[in-house]
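Single-structure report; data block below.
The values are calculated or read from the model by the stated rules, or taken from the named source; none is laboratory data. All values derive from a computational prediction rather than experimental measurement. Methodologically, a virtual Cβ is constructed for each residue, glycine included, from the backbone with ideal geometry; neighbour enumeration extends over all protein chains shown.
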Amino acid sequence: MVAGMIRPALLALLPLFLPVAAIAADPSSNLLTWAKLKARPRPTADATIAYGPDALQKVDLWVPAGPGPHPVVVMVHGGCWQSDIADRTLMDWIAADLRADGIAVWNIDYRGVDRPGGGYPGTFADVAAATDALAAQASAYHLDLRRVVAVGHSAGAHLALWLAARAKLPTASPLRRPHPLTIAHVVSLGGLPDLEATAASPDNGCGTEVVGRLVAGGGYADTSIPHLLPLGVGQDLVNGRDDRIIPARLATDYVAKAKKAGDRVRLAMIADTGHVELIAPETPAWAAAKRAIAKGLRR
(Lines give C-alpha, C1' and ligand atoms only; values in the text may rest on other atoms or scores of the structure.)
Protein backbone atom coordinates (compact mmCIF):
# COMPACT_ATOMS: atom_id res chain seq x y z
CA MET A 1 0.00 0.00 0.00
CA VAL A 2 1.42 3.36 -0.99
CA ALA A 3 0.73 6.66 0.74
CA GLY A 4 -1.10 8.10 -2.25
CA MET A 5 -3.70 5.35 -2.05
CA ILE A 6 -4.65 6.02 1.57
CA ARG A 7 -7.53 8.29 2.57
CA PRO A 8 -6.46 11.26 4.75
CA ALA A 9 -8.61 10.08 7.67
CA LEU A 10 -6.82 6.74 7.71
CA LEU A 11 -3.41 8.40 7.98
CA ALA A 12 -4.07 9.08 11.63
CA LEU A 13 -4.33 5.34 12.24
CA LEU A 14 -1.10 4.35 10.53
CA PRO A 15 1.34 5.21 13.35
CA LEU A 16 -0.07 2.15 15.11
CA PHE A 17 1.81 -0.10 12.72
CA LEU A 18 4.24 1.98 10.61
CA PRO A 19 7.42 3.81 11.66
CA VAL A 20 6.63 7.37 12.65
CA ALA A 21 9.21 8.68 10.17
CA ALA A 22 7.23 7.12 7.33
CA ILE A 23 4.31 9.50 7.87
CA ALA A 24 4.56 13.24 7.47
CA ALA A 25 3.36 15.13 10.53
CA ASP A 26 0.92 18.00 10.30
CA PRO A 27 2.75 20.88 12.01
CA SER A 28 -0.43 22.94 12.19
CA SER A 29 -2.23 20.39 14.33
CA ASN A 30 -2.15 20.43 18.12
CA LEU A 31 -4.02 17.16 18.36
CA LEU A 32 -2.43 14.23 20.14
CA THR A 33 -0.94 11.59 17.84
CA TRP A 34 -0.74 7.83 18.26
CA ALA A 35 3.05 8.07 18.21
CA LYS A 36 3.10 10.50 21.13
CA LEU A 37 0.69 8.40 23.16
CA LYS A 38 2.61 5.19 22.55
CA ALA A 39 5.95 6.82 23.40
CA ARG A 40 4.88 7.33 27.02
CA PRO A 41 6.11 5.01 29.78
CA ARG A 42 3.78 2.06 29.71
CA PRO A 43 2.05 0.99 32.95
CA THR A 44 1.73 -2.69 33.77
CA ALA A 45 -1.34 -4.81 34.43
CA ASP A 46 -1.61 -7.00 37.51
CA ALA A 47 -2.46 -10.23 35.71
CA THR A 48 -3.00 -11.66 32.22
CA ILE A 49 -5.66 -14.34 31.87
CA ALA A 50 -6.29 -16.60 28.87
CA TYR A 51 -9.86 -17.37 27.86
CA GLY A 52 -8.91 -19.47 24.81
CA PRO A 53 -5.91 -21.03 23.02
CA ASP A 54 -5.19 -18.23 20.55
CA ALA A 55 -2.49 -15.67 21.42
CA LEU A 56 -5.11 -12.91 21.16
CA GLN A 57 -7.60 -14.62 23.45
CA LYS A 58 -6.24 -12.84 26.49
CA VAL A 59 -7.43 -10.36 29.11
CA ASP A 60 -5.28 -7.98 31.14
CA LEU A 61 -6.63 -7.38 34.64
CA TRP A 62 -5.88 -4.16 36.51
CA VAL A 63 -6.70 -4.42 40.23
CA PRO A 64 -6.87 -1.42 42.60
CA ALA A 65 -5.26 -1.40 46.02
CA GLY A 66 -7.50 -2.31 48.94
CA PRO A 67 -9.74 -5.21 49.86
CA GLY A 68 -12.61 -4.54 47.45
CA PRO A 69 -15.03 -5.59 46.22
CA HIS A 70 -13.97 -3.42 43.30
CA PRO A 71 -16.29 -2.07 40.62
CA VAL A 72 -15.21 -3.17 37.15
CA VAL A 73 -14.80 -1.63 33.72
CA VAL A 74 -14.82 -4.09 30.82
CA MET A 75 -12.57 -2.34 28.32
CA VAL A 76 -12.62 -2.98 24.56
CA HIS A 77 -9.95 -1.57 22.26
CA GLY A 78 -10.55 -0.36 18.73
CA GLY A 79 -8.48 -0.59 15.57
CA CYS A 80 -11.17 -0.99 12.90
CA TRP A 81 -11.86 -4.56 14.06
CA GLN A 82 -8.35 -5.50 12.84
CA SER A 83 -5.65 -6.97 15.07
CA ASP A 84 -2.87 -5.59 12.88
CA ILE A 85 -3.98 -2.05 13.72
CA ALA A 86 -4.42 -2.31 17.50
CA ASP A 87 -4.56 -4.64 20.46
CA ARG A 88 -5.51 -4.29 24.11
CA THR A 89 -2.26 -2.53 25.06
CA LEU A 90 -3.52 0.66 23.40
CA MET A 91 -5.78 1.08 26.44
CA ASP A 92 -3.05 0.66 29.07
CA TRP A 93 -2.83 4.31 30.08
CA ILE A 94 -6.53 4.80 30.80
CA ALA A 95 -6.68 1.36 32.44
CA ALA A 96 -3.96 2.43 34.86
CA ASP A 97 -5.78 5.70 35.49
CA LEU A 98 -8.97 3.89 36.45
CA ARG A 99 -7.04 1.48 38.68
CA ALA A 100 -5.56 4.46 40.53
CA ASP A 101 -9.13 5.68 41.12
CA GLY A 102 -10.22 2.39 42.68
CA ILE A 103 -11.83 0.81 39.63
CA ALA A 104 -10.73 -2.61 38.37
CA VAL A 105 -10.28 -2.97 34.60
CA TRP A 106 -10.91 -6.13 32.59
CA ASN A 107 -9.10 -5.15 29.36
CA ILE A 108 -10.00 -7.71 26.72
CA ASP A 109 -8.44 -8.72 23.43
CA TYR A 110 -10.01 -10.60 20.53
CA ARG A 111 -9.31 -11.88 17.04
CA GLY A 112 -9.96 -9.24 14.41
CA VAL A 113 -11.22 -9.82 10.89
CA ASP A 114 -7.60 -10.12 9.73
CA ARG A 115 -6.92 -13.18 11.91
CA PRO A 116 -7.91 -16.82 11.41
CA GLY A 117 -11.18 -17.34 13.22
CA GLY A 118 -12.00 -13.62 13.27
CA GLY A 119 -14.95 -11.92 11.59
CA TYR A 120 -18.40 -13.49 11.99
CA PRO A 121 -18.96 -15.17 14.35
CA GLY A 122 -15.42 -15.35 15.77
CA THR A 123 -14.75 -11.71 16.66
CA PHE A 124 -18.09 -11.44 18.45
CA ALA A 125 -17.70 -14.84 20.11
CA ASP A 126 -14.27 -13.80 21.41
CA VAL A 127 -15.56 -10.55 22.88
CA ALA A 128 -18.43 -12.40 24.54
CA ALA A 129 -16.23 -15.18 25.92
CA ALA A 130 -13.64 -12.71 27.19
CA THR A 131 -16.32 -10.73 29.01
CA ASP A 132 -18.06 -13.75 30.50
CA ALA A 133 -14.70 -15.06 31.76
CA LEU A 134 -14.79 -12.18 34.25
CA ALA A 135 -17.28 -14.10 36.40
CA ALA A 136 -14.81 -16.91 37.03
CA GLN A 137 -12.18 -14.48 38.36
CA ALA A 138 -14.44 -12.26 40.47
CA SER A 139 -13.93 -14.05 43.76
CA ALA A 140 -10.15 -14.42 43.47
CA TYR A 141 -9.63 -10.74 42.67
CA HIS A 142 -12.48 -9.28 44.77
CA LEU A 143 -14.45 -7.91 41.83
CA ASP A 144 -18.03 -6.66 42.17
CA LEU A 145 -20.14 -8.16 39.37
CA ARG A 146 -23.07 -5.96 40.40
CA ARG A 147 -21.17 -2.90 39.17
CA VAL A 148 -19.83 -3.48 35.65
CA VAL A 149 -19.55 -0.77 32.99
CA ALA A 150 -18.37 -1.47 29.43
CA VAL A 151 -16.04 1.11 27.85
CA GLY A 152 -14.97 0.90 24.23
CA HIS A 153 -12.96 3.06 21.87
CA SER A 154 -13.69 3.44 18.15
CA ALA A 155 -14.58 -0.01 16.74
CA GLY A 156 -14.28 -1.27 20.31
CA ALA A 157 -17.14 1.04 21.29
CA HIS A 158 -19.37 -0.81 18.84
CA LEU A 159 -18.34 -4.06 20.54
CA ALA A 160 -18.89 -2.61 24.03
CA LEU A 161 -22.43 -1.61 23.07
CA TRP A 162 -22.94 -5.04 21.54
CA LEU A 163 -21.96 -6.65 24.85
CA ALA A 164 -24.75 -4.75 26.57
CA ALA A 165 -27.15 -5.83 23.81
CA ARG A 166 -26.50 -9.57 23.99
CA ALA A 167 -29.73 -10.30 25.84
CA LYS A 168 -31.56 -8.84 22.81
CA LEU A 169 -29.93 -11.10 20.23
CA PRO A 170 -32.34 -13.06 18.02
CA THR A 171 -33.04 -16.56 19.31
CA ALA A 172 -31.64 -18.14 16.13
CA SER A 173 -28.39 -16.16 16.22
CA PRO A 174 -25.22 -18.23 16.62
CA LEU A 175 -23.95 -15.36 18.78
CA ARG A 176 -26.63 -15.86 21.42
CA ARG A 177 -25.48 -17.42 24.68
CA PRO A 178 -27.36 -18.11 27.92
CA HIS A 179 -26.75 -15.85 30.89
CA PRO A 180 -24.40 -13.21 29.43
CA LEU A 181 -22.61 -11.04 31.97
CA THR A 182 -24.82 -8.10 32.92
CA ILE A 183 -23.54 -4.69 31.81
CA ALA A 184 -24.92 -1.79 33.86
CA HIS A 185 -23.87 1.04 31.54
CA VAL A 186 -21.84 1.66 28.37
CA VAL A 187 -19.41 4.46 27.55
CA SER A 188 -18.61 4.82 23.86
CA LEU A 189 -15.45 6.77 22.98
CA GLY A 190 -15.52 7.85 19.35
CA GLY A 191 -17.57 4.81 18.46
CA LEU A 192 -19.07 3.22 15.36
CA PRO A 193 -22.31 1.78 16.75
CA ASP A 194 -24.24 1.61 13.47
CA LEU A 195 -22.48 -0.81 11.13
CA GLU A 196 -24.80 -0.06 8.21
CA ALA A 197 -24.15 3.67 8.53
CA THR A 198 -20.42 3.01 8.79
CA ALA A 199 -20.48 0.87 5.65
CA ALA A 200 -22.26 3.71 3.83
CA SER A 201 -19.79 6.38 5.01
CA PRO A 202 -16.63 6.43 2.87
CA ASP A 203 -15.29 9.31 4.98
CA ASN A 204 -14.95 7.15 8.09
CA GLY A 205 -11.34 6.30 8.87
CA CYS A 206 -11.88 2.55 8.94
CA GLY A 207 -13.25 2.46 5.42
CA THR A 208 -16.32 0.59 4.27
CA GLU A 209 -14.87 -2.74 3.14
CA VAL A 210 -13.96 -3.86 6.66
CA VAL A 211 -17.60 -3.83 7.75
CA GLY A 212 -18.44 -6.33 5.03
CA ARG A 213 -15.63 -8.56 6.27
CA LEU A 214 -16.89 -8.24 9.85
CA VAL A 215 -20.47 -9.32 9.13
CA ALA A 216 -19.86 -11.71 6.21
CA GLY A 217 -21.76 -14.92 6.83
CA GLY A 218 -24.03 -13.22 9.33
CA GLY A 219 -25.45 -9.81 8.62
CA TYR A 220 -26.62 -6.80 10.59
CA ALA A 221 -29.52 -8.25 12.57
CA ASP A 222 -27.33 -9.53 15.42
CA THR A 223 -24.28 -7.29 14.99
CA SER A 224 -25.34 -3.68 14.35
CA ILE A 225 -26.62 -1.91 17.46
CA PRO A 226 -29.66 -0.09 15.97
CA HIS A 227 -31.17 -3.50 15.15
CA LEU A 228 -31.00 -4.41 18.86
CA LEU A 229 -32.49 -1.22 20.30
CA PRO A 230 -33.68 -0.50 22.88
CA LEU A 231 -30.79 -1.90 24.91
CA GLY A 232 -32.42 -1.01 28.22
CA VAL A 233 -29.03 0.17 29.43
CA GLY A 234 -27.81 3.74 29.90
CA GLN A 235 -25.30 4.89 27.31
CA ASP A 236 -22.85 7.80 27.20
CA LEU A 237 -21.14 8.74 23.95
CA VAL A 238 -18.01 10.88 24.16
CA ASN A 239 -16.75 12.17 20.82
CA GLY A 240 -14.12 14.62 19.65
CA ARG A 241 -15.30 17.64 17.72
CA ASP A 242 -12.05 17.47 15.70
CA ASP A 243 -11.99 13.70 15.25
CA ARG A 244 -10.73 12.95 11.73
CA ILE A 245 -11.45 9.23 12.00
CA ILE A 246 -15.09 9.15 13.13
CA PRO A 247 -17.53 11.62 11.51
CA ALA A 248 -19.69 13.34 14.13
CA ARG A 249 -22.92 12.32 12.39
CA LEU A 250 -22.24 8.66 13.22
CA ALA A 251 -22.68 9.66 16.86
CA THR A 252 -25.55 12.11 16.50
CA ASP A 253 -27.56 9.85 14.19
CA TYR A 254 -27.16 6.88 16.53
CA VAL A 255 -28.18 8.94 19.57
CA ALA A 256 -31.35 10.00 17.77
CA LYS A 257 -32.22 6.37 16.99
CA ALA A 258 -31.48 5.15 20.51
CA LYS A 259 -33.55 7.91 22.12
CA LYS A 260 -36.44 7.27 19.74
CA ALA A 261 -36.32 3.63 20.81
CA GLY A 262 -36.56 4.68 24.46
CA ASP A 263 -32.98 4.31 25.69
CA ARG A 264 -31.24 6.76 28.03
CA VAL A 265 -28.42 8.16 25.91
CA ARG A 266 -26.20 11.21 26.32
CA LEU A 267 -23.67 12.65 23.88
CA ALA A 268 -20.71 14.81 24.90
CA MET A 269 -18.99 16.41 21.92
CA ILE A 270 -15.64 17.69 23.22
CA ALA A 271 -13.91 20.68 21.62
CA ASP A 272 -10.24 20.58 20.57
CA THR A 273 -10.37 16.79 20.68
CA GLY A 274 -9.44 14.23 18.07
CA HIS A 275 -9.48 10.44 18.16
CA VAL A 276 -6.41 9.84 20.32
CA GLU A 277 -7.40 12.26 23.10
CA LEU A 278 -10.33 9.99 23.88
CA ILE A 279 -7.98 7.45 25.50
CA ALA A 280 -5.36 9.77 27.00
CA PRO A 281 -5.72 10.21 30.79
CA GLU A 282 -5.00 13.95 30.98
CA THR A 283 -7.61 15.14 28.47
CA PRO A 284 -11.04 16.76 28.93
CA ALA A 285 -12.51 13.92 26.86
CA TRP A 286 -11.27 11.28 29.27
CA ALA A 287 -12.44 13.39 32.21
CA ALA A 288 -15.93 13.37 30.66
CA ALA A 289 -15.68 9.61 30.15
CA LYS A 290 -14.68 9.07 33.78
CA ARG A 291 -17.67 11.07 34.99
CA ALA A 292 -19.92 8.86 32.87
CA ILE A 293 -18.22 5.72 34.20
CA ALA A 294 -18.68 6.88 37.79
CA LYS A 295 -22.39 7.54 37.21
CA GLY A 296 -22.79 4.18 35.53
CA LEU A 297 -21.17 2.35 38.43
CA ARG A 298 -23.54 4.00 40.91
CA ARG A 299 -26.66 2.71 39.18
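General observations
- Single condition ALA125 does not satisfy, out of (1) in a loop (DSSP other than H, G, I, E, B); (2) surrounded by fewer than 24 Cβ atoms within 10 Å (Cβ to Cβ): (1)
- Looking at ASP203, ASP144, ASP243, ASP132, just one residue is under 22 Å from TRP34 (Cβ atoms) and either surrounded by fewer than 17 Cβ atoms within 10 Å (Cβ to Cβ) or aromatic (Phe, Trp, Tyr) (or both), and that residue is ASP203.
Residue by residue, here is whether (1) of a type outside the set (A, V, I, L, M); (2) farther than 24 Å from PRO230 by Cα; (3) surrounded by 15 or more Cβ atoms within 10 Å (Cβ to Cβ) holds:
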{"position": "ALA271", "(1), (2), (3)": "no, yes, no"}
{"position": "LEU278", "(1), (2), (3)": "no, yes, yes"}
{"position": "GLU282", "(1), (2), (3)": "yes, yes, no"}
{"position": "TRP286", "(1), (2), (3)": "yes, yes, yes"}
{"position": "ALA292", "(1), (2), (3)": "no, no, yes"}
{"position": "LYS295", "(1), (2), (3)": "yes, no, yes"}
{"position": "ARG298", "(1), (2), (3)": "yes, no, no"}
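- The residue list ALA258, ALA251 contains one member that is in contact with a helix residue (DSSP H, G or I) (Cβ under 9 Å, 6 or more places away or on another chain), surrounded by 17 or more Cβ atoms within 10 Å (Cβ to Cβ), of a type in the set (Gly, Ala, Ser) and touching a residue at least 24 places away in the same chain (Cβ under 8 Å), which is ALA258.
- Every listed requirement among (1) modelled with pLDDT under 95; (2) surrounded by 21 or more Cβ atoms within 10 Å (Cβ to Cβ); (3) of a type outside the set (Lys, Arg) is met by ASP194 save one, (1).
- The strands (runs of 3 or more DSSP E) found entirely in segment 170-277 that carry 1 or more residues being under 30 Å from ASN30 (Cβ atoms) and over 16 Å from the mean Cα position of the chain (by Cα) are 265-270.
- Members of segment 81-107 that are within 17 Å of LEU163 (Cα to Cα) and not in a helix (DSSP H, G or I): TRP81, VAL105, TRP106, ASN107
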